[in-house]
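Everything below concerns the one structure shown next.
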Amino acid sequence: MEVDLSPLFEQYPLLREAATAFAVIFVNFCALVILIAAARERRRGDHRWIKEGKGYMLSCGSECYTLGAAEILIGRHPCADIRFDDKEISRFHALLTLSNGKWHIEDIGAHNGVIVNGVRIQQRCRLHQNDVITIGKRHLTVIKGVI
Amino acid sequence: MAKSSVKPISHPFLLLLVLIAHTAMMVLVVLSFGVDAEVIKLAAAVLSADLVGSVILQIIHREACTVDTVLLLITGMSTIYQSCFGGLEFDVKHFAFCMASFVMCQISYAVTRNPYRAEKLKPLWYTLFFILVFCILFLTGSRGIWIDLGFITIQPSEFVKPVFVLICASSIHTQLKKSEIAGFHFVPDNLMLLLCTVVIAGLQWWCRDLGSLPTFIAAAGCAMLLRFCYLREKVSLRLIVFLAACGVGVAIFAWKLAPGYVQERLHSDIWADMSSTGYQQVKALTAIAEGGWFGKGVGNGTLIHVAAARTDIVFSTICEEWGLFTGMMTVVLVLFLPGAILTVPPRSYYHSGLALGVAAVFIVQMALNIFGSCNLIPFTGVTIPFISQGGSSMLASGILAGFLKAAQAPVLTDRQTQKGGK
Amino acid sequence: MAYRTSKRIQRVPSHELDISAPRSMRRAGTGTKLLLTAFSAALIYLAYVLVSQSAAYMTKSGKTTYGKVLDRKGDVLFDGTQPLSNYPWGQFADVGNFIGDTSGQMTNTIVARNSSLLANYSFSYGNDGTTVLETSLSHAANRAVYNAFGSKNGTAIAYNWQTGELLVCVSKPCVDITKGYADIDTMPSGSLLCKAFYPTVPGSTQKVSTLLAAYQYAGAETINALEYNCTGEWTNATGDVIKCHQSYGHGNQNLVTAFANSCNPYFAQLVQSDIVPLNDIINAYARMGYSVNDSPAESLEMNGIVIPPASTVLRDSHQFETQWGALGQGRTLVSPYQLMLWQGAIANGTGCAVQPGLLTAVTKSGGTKHSLQSHKLTDQMFSSAAAQSIQKVMTQNVQYNYGALQPYNCGVKSGTAQVNDNGRQYENSLLTGFSLDEQCPVAFCIMIEERESWDVSTGQIASVLLSTLKENL
C-alpha cells in the first residue's frame, strides 16, 4: 500500500510549488465563496427577519419606523431606536419586543404612560395590525409593511 | 409571506468547496509524504468529517451557514497542519478535539440561540463562573492553571472565557432594573460584571497566567462600552478623560506591582539572550524567515522541536512549513468567524453583546499569540483559537463560535410561552 | 437582488423599507469592525516587519550562509559557499585582513561589516547560494604589491581618484584565511587588522598638511617666496634643537627645495615665524579631519569599515612639541587611508576628494543585481587653490628625487616616521602621492615598517603599484 513519491519532487522541481499554489488557491477560493455566501445570507437574513416580525412597522404621520430588532426602545434618549425629542416623552419610555412572532409593547417607567387603543397599559401588551400607540402627543399606528 | 427571492448559496455546495479545499491540501501532503497508512488515516478523517458535518448541518438547520462552514474549513486545516509538523503522524487527539469543538458549537448554539432564555439563565452563568474560579483556586496545583486528572489535563481558565462572555452580554431590560442602596443608584448586573472582572483579573494575576488577563479585560471593556452606549445621554469628554485617567492609573499600578518576571519580559531583548528567555521567539522568527512566502515544504520544519511549537508559537510553525502566505491566510480565515456578524447582524441586545465579547476574546487572543511570538509585544502563552493544539482551548473556542452562530440565527420564542402572553 | 427587494415593498410608498438592525444594535458590529481593522493593520505591519527583517534574523541566529566576493576581474577574494581550505594556500594571503571572513575573528573587515549584504538569503527566494559581491579591487596588483614588500611589513593603499574605486589595499603581515586560526597565538602581531585603516605616525608626509594650511592662510606667492637657512640643526625660541636628517645642512632653500629635501628646520621655522598663525593651522587641520588638541572629529567610513580620524597636538607655535607635531612626529597620528584621501583631493585639484569605495555591485539570491557605487564627494577639506599649488610642488619633488616614477606623471611626498613603540624605537618609511596619468589616475599611500637603508624602498613599491595597476585597469 505504501508508495514513496519523494522522487517526484526531485524529478520535477516545480511540482512542489505547483501543489502548494494549488492548495492555496483552492482554500482561497473557498474563502471567497464563503464571503459571497455570507453577503447573500445578509439579504436572506433580512427577509427572514421580515417574516419573523410579520413586517410590522410603526407609522407616525408622514414618518414610518421599521422594527429591525427584537427589542426596540422608544424614548427621548439619544440612544433610543425610535426617538422623539418631546418633553412629554420620558427618556426611556416604551420597549417593543418580539417573541414567538408576536410584537409586544411594554411601559418601562414612562411618566405619562403608554396608551394602546386609548387604554393605558399596566403590563406587556400584544400589538396587532392597526393598533394605535399613544406616547405623549404622538400617535403611532401599527401597520403591516410587507406581506 | 412569499418565499425569499434571494437564493442563498446552498449549504451542500459550500461544504463541497470545503471538501475540495481540504482535498487540495491533502494532495500536497500526499505528494510530500507518499502514500502510507498515516496519510490515508488523515485523509479519511478530514474528508469524512466534512461529509458528516455537512449531513448533520443539513438535518439540523440550514440558516447562518457562515460560522459552520468556516469552522469546518478551519478545523480540517488545523488537523492537517498539526498532523504534518516535522513529519507525518495523524494527530488523533487534535482531530477528536476539533470534532468535539464543532459539537460544542452546536450545543452552545442550542443553549444561547434564544437571547431571552440565555439571559434568564444568567444566575446559572454566575454560578458556573464562580465554580470555575474555585476550581482554579483549589484544584489546580499551586498557582497553576491546569487540573491534572491523570489521563487528561483540563485548563479551567479556558472555560471561564465563554462563561465570562455570557456574563458580559446584557439586554436593555436588565440595564433598566436599577437598585438603590444608601441613595446610590446602580444596576445590579453592571455591579456583578465589575465584580466578576475584578475576581478573574485578580485570579489571573495570582496564577501568573498573564496571557489570559488582556483577553478578559478586553471582553469586559467591550461589554462596559456597550452598556455605556445604552444608557448614557452621550459620552461626555469629561467621562472619557476620567476613564482614560483610570486606565492609565491602573496600568501604572499594575506595572509597579508586576512581578519581576513580567517586568523582565517587558524589556528583554531576545537577540541578546538567544539561549534562554528569547529562545522560543528567536527560533520562531528564524523559522518564518527560513520559510519565506511558500514555506520549506510540508513536514520539513525544524521548529517543531522547540517547546510550545504546536501551541504558543504555532503561527511560526505553520509559516515555516507552509509559508508566510498560508499562515496569514489561516489567520484571516479565523477572523471570518467574528467578522460573520458584520453580514448578518444580531437582532437583540443580548446577542450583540455576546458577539462583541467573542470578537474581543478571539482577536485579543490571536494578537497576543501572533504578535507575541513575533516579538512585537511581550511573549505570553496563549493559543490561537482552533489552530493551536489544546483540548480546553479548543472546546472553549467551539462554545464561543456557537454564540456567534446564535447571534446570526436567533430564535425568539420562549418568553411568550413561559409568561403565557397577555 | 436589491432591486427586486425594493420592488417587493412598493406597498409602502411613503417610505423605503429598511429592515436592517437599528443603530443601537449595530454598535456590536462597529466594535467588531474596529477590532478587526486594528488587528488586520497590525497583521500587515507584522508581515512588513517579518519580510524586511528576515535577513537580519537569519544572520543573527547564525543560520545563513554567505556568497562570494570577487575582484574587478572576477577573481575570488572570499568564498562563503565552500570551505576556504579548498582554495590553495596563499590565495587570500594579500587580502585576508582587509576583505576578511565570517569567522568572527576580525570585525573591521569588508565581509564582517557587510555580512547582511553578503548573506545568501532573501525572503522570496530563500537560500540558493548565489550572492556575489563585486568589488573594484585589482587582485593582481594587490598581490604584486604584497610581494614587493619582500620580507618587510607595512601597508599600501591606492584608489582611483576620478571614480573612487579602491584598487589596492595591502597590510602585511596578513593572516592566511585558508589555514584557519589554529595558530592564532603564534601569528605575528598585526596579522588580523588592516593597517591602512589605523592611525600611525605620518613623518614628513605631514608636511603636506602643514603646507596646505600655509597656502590657504598666507597665499601661495608669500609661501613660495619664503627662504630659510638650514645648517643641519636649528634651535627654536624655547631653546630646543630640531635636527635635520642631512647633518651638514641644506643651506639656503626656498619652499620647493625644502619640500624636496624634506627639511625639518625649514618647516619648523615656518611654523614658528607666525606668518601663518597657529590658530589658522589648527583650523586648516580641523577642516582636513584632524582631531586637534583632543577636539572631536568624525571617524571616516568606507563600506562599513570604520577609520579613526587623524589627531595631533598643537598648543604653542614657539614650542618644540608643536613644531615637532607639525612635522609629523611626536603625537601626530594619521591613517594611511586618510593620507591617500587627501592626495585624491590634491590630484583632482579641487580640495574635495571622491569618496573611496570598494563594493561596486551585489547580486542577491534570485539573480537581481544592484549597483553599490555612489559617486559621493567628501566635504571641502582645503581650498582648490592650495590643492593646485601643492600639486605642483609635489610633482617637482618627483622630478628631483623619483626618476622611476616620472613616467606616471606623479607627485609624491616621502616621510620617515620616528616610532616609539613602548620604548622600542624604530623608523617607518612612508610615501604618499598621486598619479595624473590618464590610464591610472590613482592616489596612494605606502608605508614600510622598520625600514633600513638596504631594504626595499617605498619608491620601488610605488613603481610596482603603478605599473601593475596600469596593466590591470
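The values are calculated or read from the model by the stated rules, or taken from the named source; none is laboratory data. If you're wondering where the values come from, they're calculated on a predicted model, not measured in any experiment. Cβ: placed from backbone, ideal geometry, glycine included. Neighbour counts: every protein chain shown.
Data for the structure
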item: Failed criterion for residue C:277 (all others in (1) surrounded by fewer than 18 Cβ atoms within 10 Å (Cβ to Cβ); (2) farther than 24 Å from residue C:383 by Cβ hold); result: (2)
item: Residues (modelled with pLDDT of 85 or more, farther than 30 Å from residue A:44 by Cα, crowded, with 16+ Cβ neighbours inside 10 Å and among the small types (Gly, Ala, Ser)) located in segment B:1-49; result: B:24, B:43, B:45
item: From the options A:35, A:95, residue that is at the interface with another protein chain (Cβ under 9 Å from one of its Cβ atoms) and either in a loop (DSSP other than H, G, I, E, B) or more than 30 Å from residue B:65 (Cβ to Cβ) (or both); result: A:95
item: Conditions (1) touching a strand residue (DSSP E or B) at 6+ places or on another chain (Cβ under 9 Å); (2) crowded, with 17+ Cβ neighbours inside 10 Å: number failed by residue C:272; result: (1)
item: Hits in segment B:164-219 (condition: more than 14 Å from chain A (Cβ to nearest Cβ), small (Gly, Ala, Ser) and in contact (Cβ under 8 Å) with a residue 24 or more places away in the chain); result: B:211, B:212, B:218, B:219
item: Residue match in segment C:427-435 (condition: out of contact with any strand residue (DSSP E or B) (no Cβ under 6 Å at 6 or more places or on another chain) and of a type outside the set (S, T, N, Q)); result: no
item: Helices (runs of 4 or more DSSP H) (entirely within segment B:273-343) containing at least 1 residues that are more than 30 Å from residue C:27 (Cβ to Cβ) and away from chain C (no Cβ under 13 Å); result: B:314-322
item: Complete set of residues in segment A:38-78 that are of a type outside the set (A, V, I, L, M, F, W, C) and part of a strand (DSSP E or B); result: A:56, A:59, A:63, A:65, A:66, A:71, A:75
item: Single unsatisfied condition, residue A:41 versus (1) at the interface with another protein chain (Cβ under 7 Å from one of its Cβ atoms); (2) within 16 Å of residue B:348 (Cα to Cα); (3) without any contact (Cβ under 8 Å) to a residue 40 or more places away in the chain; result: (2)
item: Residues (within 30 Å of residue C:48 (Cα to Cα), assigned to a strand (DSSP E or B) and not polar (S, T, N, Q)) located in segment C:105-154; result: C:119, C:126, C:132, C:133, C:134
item: Any chance residue C:141 is more than 30 Å from residue B:269 (Cβ to Cβ), of a type outside the set (Val, Ile, Thr), modelled with pLDDT of 90 or more and surrounded by 23 or more Cβ atoms within 10 Å (Cβ to Cβ); result: yes
item: The listed residue being at pLDDT 90 or above, within 14 Å of another protein chain (Cβ to nearest Cβ) and surrounded by fewer than 21 Cβ atoms within 10 Å (Cβ to Cβ), out of C:73, C:33; result: C:33
item: Qualifying positions in segment B:297-317 - surrounded by fewer than 24 Cβ atoms within 10 Å (Cβ to Cβ), closer than 22 Å to residue B:394 by Cα and either without any contact (Cβ under 8 Å) to a residue 24 or more places away in the chain or touching a Leu at 6+ places or on another chain (Cβ under 8 Å) (or both); result: B:309
item: Residues (hydrophobic (A, V, I, L, M, F, W, C) and modelled with pLDDT under 90) located in segment C:176-199; result: C:177, C:182, C:184, C:187
item: Close pairs (9 angstrom Cβ cut-off, 6 or more residues apart or separate chains): free of Cβ contacts under 8 Å to residues at least 24 places away in the same chain in segment B:268-281, in a helix (DSSP H, G or I) and aromatic (Phe, Trp, Tyr) anywhere; result: B:271/C:57; B:273/B:279
item: For residue C:223: the one exception among (1) surrounded by fewer than 21 Cβ atoms within 10 Å (Cβ to Cβ); (2) at pLDDT below 90; result: (1)
item: Segment B:202-241, residues that are over 26 Å from the mean Cα position of the chain (by Cα), at pLDDT 75 or above and either not hydrophobic (A, V, I, L, M, F, W, C) or not in a helix (DSSP H, G or I) (or both); result: B:238
item: Residue ID - modelled with the lowest pLDDT, chosen from residues in segment B:362-374 that are within 14 Å of residue B:314 (Cα to Cα) and within 9 Å of another protein chain (Cβ to nearest Cβ); result: B:374
item: Qualifying positions in segment C:238-256 - at negative phi and free of Cβ contacts under 8 Å to residues at least 24 places away in the same chain; result: C:241, C:243, C:244, C:246, C:247, C:248, C:250
item: Every pair of residues 6+ apart whose Cβ atoms lie under 8 Å, when the first sits in segment C:143-158 and is among the aliphatic types (A, V, I, L, M) while the second is in a loop (DSSP other than H, G, I, E, B) and at pLDDT below 95; result: C:145/C:94; C:148/C:456; C:156/C:149
item: Odd one out for residue C:299 among (1) of a type in the set (S, T, N, Q); (2) loosely packed, with under 15 Cβ neighbours inside 10 Å; (3) more than 19 Å from residue C:341 (Cβ to Cβ); result: (3)
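This table checks each residue for (1) crowded, with 21+ Cβ neighbours inside 10 Å; (2) in contact with a Ser or Thr (Cβ under 8 Å, 6 or more places away or on another chain).
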{"site": "A:56", "(1), (2)": "yes, no"}
{"site": "A:64", "(1), (2)": "no, yes"}
{"site": "A:68", "(1), (2)": "yes, yes"}
{"site": "A:71", "(1), (2)": "yes, yes"}
{"site": "A:86", "(1), (2)": "no, no"}
{"site": "A:96", "(1), (2)": "yes, no"}
{"site": "A:106", "(1), (2)": "no, yes"}
{"site": "A:114", "(1), (2)": "yes, yes"}
{"site": "A:122", "(1), (2)": "no, no"}
